[in-house]
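Please treat every number below as a calculation from the coordinates, not as lab data. All figures in this text were calculated on a predicted structure; none of them were measured in a lab. FYI the Cβ positions are ideal-geometry reconstructions off the backbone, even for glycines, and counts take in every protein chain you see.
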Amino acid sequence: MSGTTPELPIVVRDALMPKAQRLVVNRRGSTVWEVESRRGRYAVKVGRPIEATADWPAQPWTALAPAREGAVLHRLGRDDIAYGVWKHGTWNFQQWRNGPDLYRLWEPCRKQDSPVEPHVSAALGCVEALAELHAKGWAHGDVQPAHFIIGPERTHLIDLALAGGGHVPGWYDFPFRGCLVHYEAPEIARSVLDTGEAEPTPEADVYALGASLLISATGWRAVEYPDDAPRPVQREAVANGSRRPVKVPGELGTLISAMLSHAPEDRPTVYEVGKALS
């Protein structure tokens, strides 16, 4: 869709009858709008396949991701979700969540010589949101700072298209092939390198939460590799455990270091992290 302005699928426009809409994300394979309608404010996600390039293979799963997320949210008991098919892939709409994401919220902490320290209450809100998902038998699979929305009353964990733990109808299901490598646990990275696939787990979510807290607080990734390194090189660094030291003060730093342990069994559970922060 390069060079063109995307439009909401007709079926979504008919369902929501938008009074106003704002394009939030427009990238290969995924478009997101904020839509205001008489029914309320919604996030509308539209997926389409990514075609192969000289540098990257084709990614057909991106067309299915919105419907897969819709199915997961439905399984989790959400009643503010609708999803379906359009001519290029699938779509969903769900309640819009107000608030900054974790990385944006902690921006003052990352400024050089800043006296501002990360808010433990914000970290606890992220932990509670993830713990709620784990308590329902699901692992998120794509934990990252942008997926924690710090609302006025609670923190929301969004973007569950890669979540695992329950039944997803086969026609829009697809294998889990890892996530953004900055937040990928070593065992996930190794599995993707060796087999091309992996399984989301609560332990890997805890690692990803630790990496999210670290980069949001300091601006540094958990693992060191060149910014322009190919993805397999990044994953090899993660799988081999070449981790940076955690330079976050206090109890939060100690917890982050434990969450980033190389072996899954050495990491605290999300419930243990929450108890420590409380």
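Of all residues in segment 66-75, which are farther than 22 Å from residue 7 by Cβ and crowded, with 20+ Cβ neighbours inside 10 Å? Reasoning before the result, please.
The first filter runs over segment 66-75 and keeps only residues farther than 22 Å from residue 7 by Cβ, leaving 68, 71-75.
Residues satisfying the conditions are 68, 71, 72, 73.
Condition check ((1) closer than 24 Å to residue 31 by Cβ; (2) of a type in the set (D, E, K, R); (3) not in a helix (DSSP H, G or I)) across all residues:
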{"position": "156", "(1), (2), (3)": "yes, no, yes"}
{"position": "161", "(1), (2), (3)": "yes, no, yes"}
{"position": "171", "(1), (2), (3)": "yes, no, no"}
{"position": "188", "(1), (2), (3)": "no, no, no"}
{"position": "206", "(1), (2), (3)": "no, no, no"}
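Have a look at 179, 126 and point out the one that is in a helix (DSSP H, G or I) and surrounded by 14 or more Cβ atoms within 10 Å (Cβ to Cβ).
Working: 179 fails: in a helix (DSSP H, G or I).
Answer to the selection: 126.
Only residues that are surrounded by fewer than 22 Cβ atoms within 10 Å (Cβ to Cβ) and aromatic (Phe, Trp, Tyr): list them for segment 129-157, please.
Scanning segment 129-157 gives a single hit, 138.
With the structure loaded, tell me whether residue 12 is touching a residue at least 40 places away in the same chain (Cβ under 8 Å) and either part of a helix (DSSP H, G or I) or of a type in the set (Gly, Ala, Ser) (or both) or whether it fails that test.
So residue 12 fits the description; yes.
Mind listing whichever residues of segment 87-123 are among the polar types (S, T, N, Q) and either at positive phi or not in a loop (DSSP other than H, G, I, E, B) (or both)?
Let us first name the residues in segment 87-123 that are among the polar types (S, T, N, Q), namely 90, 92, 94-95, 98, 112, 114, 121.
Answer for segment 87-123, where residues must be among the polar types (S, T, N, Q) and either at positive phi or not in a loop (DSSP other than H, G, I, E, B) (or both): 90, 92, 94, 95, 121.
Answer with yes or no whether residue 62 is surrounded by 20 or more Cβ atoms within 10 Å (Cβ to Cβ) and out of contact with any His (no Cβ under 8 Å at 6 or more places or on another chain).
Values: surrounded by 20 or more Cβ atoms within 10 Å (Cβ to Cβ): yes; out of contact with any His (no Cβ under 8 Å at 6 or more places or on another chain): yes.
Yes: the conditions hold for residue 62.
Which one is surrounded by the most Cβ atoms within 10 Å (Cβ to Cβ), of the residues in segment 76-110 that are more than 21 Å from residue 15 (Cα to Cα) and in contact with a Phe, Trp or Tyr (Cβ under 8 Å, 6 or more places away or on another chain)?
102
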